[in-house]
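What follows is a set of notes on a single structure, which appears directly below.
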Amino acid sequence: MKMIIKRRICMSMKRFSMILCMMGLVLGCAADGRNATVLMEGKRAEEPFSISMLVPFLQDTTSKAYNDLKSLVEYFRNQLVYEYFSNTTGIPFVIDAFSNSIVQQLSAYGITDYGISKKDSKSYSIYIALGCDLKLMQALKNILAELNLKPGSDNGDRDIAIAAMLLFNLEQVSYYTFFLENSLSDEKLNEVRTSSTATIESISQITAWLFSFMKARDELIRDFKKVISGAEVVRDNRQLMEAELKKIVNDGKIKSKISDISSLVRDIQNLITQITKVMP
């Protein structure tokens, strides 16, 4: 199974390697030296490059622009499939305690009778947010084990609030990933392909925003890994552990990045809706 998925990823990668090179140049650096992760976000930023400037370097027909989009979507999907199937031992529960022994608002993250986390579970969402990294998942479990999440316990409210906000912010990344995957379904892509209102610019804009989302998601996973790994190392010191976790729970930088991917998903969905609302 792994080999099949790897081959699919390689095939998808070859089909849009040139477009990634061009986008890398545009997205990776700006004329004034700024990191330009979201340069392709249209009118929201005063970017030195725009999608209309990029189009001549990419494709000269809507069908070719669509092929680039389809290739990138296929790569995006295959990447998610590979991440999931890279784990053959099952997805662990985030909270190492039975659901009925945890406060109700966090019980969905605890151990259930069926013994292994399923794809529609809260733990699976966290697993996806962490880039399907089992070691990182275990580190998060070790951190949460230091918090008192039982009903009616001393210091419970504070610990519950920390755990709830930490897991909520992590889960947002999975939510937007799943939402975007659904927004780029085969049905929707076919509607884009056959729409009389689709242009080279609009299709290439979707491709650019998707590329930006993938890049931003990778950056967030790296941020989560750094914070969670750091918090696990100092988990015996409650003050230091909380200071690390605040970088996800309260820190503006990570929350801003989560907001950025939310905006990208919204922009992609809105543009697809705009393109497909008038069918030929």
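Where a number appears in this text, it was derived from the coordinates with a stated rule and is not lab data. Quick caveat: nothing in here was measured; it's all calculated off a predicted structure. Using ideal geometry, Cβ is built from the backbone for each residue, glycine included, and neighbour counts are taken over all protein chains shown.
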Which cross-chain or sequence-distant (5 or more) residues have an amide H under 5 Å from the amide H of Ile111, H modelled 1.01 Å from N in plane? Ala97, Phe98, Ser99
Longer than 19 Å from Cα to Cα, which of Lys135/Lys215; Lys226/Lys255; Lys141/Lys255; Lys135/Lys226 are they? Say none if no pair is. Lys135/Lys215; Lys141/Lys255
Within 10 Å, count the other beta carbons around each residue, average over each peptide in 139-149, 125-135, and list them highest first. 125-135, 139-149
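What is the packing order of peptides 221-233, 175-187, taking the mean over residues of other C-beta atoms within 10 Å and listing the highest first?
221-233, 175-187
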